[in-house]
Amino acid sequence: MYILLACSVLSLAIILERYIYYRRRSKIRRSNFMARIRSALEKGNVKEALGICKDTDTPFSSVVCSGLNLYGHNEVVISSTMEREVTIETVKLERFTSIVGTIGSTAVYIGLFGTVLGIIRAFRDISLSNSGGLNVVINGISEALVCTAAGLCVAVPAVIAYNYFVKKVDSFITDMELCTSEILDLLNVKQK
């Protein structure tokens, strides 16, 4: 039970931290951001576009900023830099999510292990009591099943949160890749 309690506290802490992290970084819509960047670049003002990137705290703004910092360079260089930035931002987005996934997939087994130990103890108590009454069996098994219930209570929210995190990270990655493509198009047009 102590292991499940520790897993529960750790899981909840990570879930709250990741939820706040994702929420803060998804306040700005990609389409609105790119419209502002496009407008600045159409005026030929790369500094204004960089300022917009620095004022916006989203993964895709970091990707766009990395591309704009190399304005005037070869398209391959800009593309490579932006791809590296997508990888860096993806690592930041996925931080701690594997821990929640691991807790979600193992908490049930930890609870089941506690149940098995509890049933073994119940059978030992029956053999020591020499009476083998129904009360001895029921009390031991009911105590043992508490571990399974606790394991489920820890696992279900962790699995739900992990699936949410995976979906959210995929959404951020899609936004970053779309921004990469759009910036490359805008810079390519601007340089011609």
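No value in this document is a laboratory result; all are computed from the given coordinates. Just so we're clear, the structure is a prediction, and the values are computed from it rather than from any experiment. Every residue, glycine as well, gets a Cβ built from its backbone with ideal geometry; the counts of neighbours run over all protein chains shown.
A few comments on the model shown:
- GNM flexibility winner over the chain from Val76, Val64, Val159 (Cα, springs under 10 Å): Val76
- Degrees, to the nearest 10: 134-191 long Cα axis against longest axis of the chain: 10
- Cα-based equivalent ellipsoid of segment 71-183: semi-axis lengths in Å, sorted from largest, via gyration tensor: 55, 11, 6
- For the chain, the tally of Lys pairs with Cα-Cα distances below 21 Å comes to 12, considering only residues 8 or more apart or on different chains.
- Among (i) 184; (ii) 120; (iii) 99, the entry derived from the coordinates for volume of the Cα convex hull per residue in Å³: (iii)
- Label-point separation in nm, Glu42 to Thr87, each point 7 Å along Cα→Cβ: 3.5
- In degrees, nearest ten, helix 59-68 long axis to first principal axis of the chain (Cα): 30
- Measuring between their Cα centroids, segment 73-128 and segment 19-47 lie 32 Å from each other.
- Put a dot 7 Å past the Cα of Leu12, heading toward its Cβ, do the same for Asn69, and the two dots end up 4.0 nm apart.
- Computed from Cα positions, the angle between helix 30-42 and the longest principal axis of the chain comes to roughly 20 degrees.
- Evaluated with a Cβ-only charge set (Lys, Arg +1; Asp, Glu -1), the chain carries a dipole of roughly 420 debye about its Cα centre, given to the nearest 20.
- If R0 is taken as 25 Å, the Cβ-Cβ distance between Glu143 and Phe96 corresponds to a FRET efficiency of 0.15.
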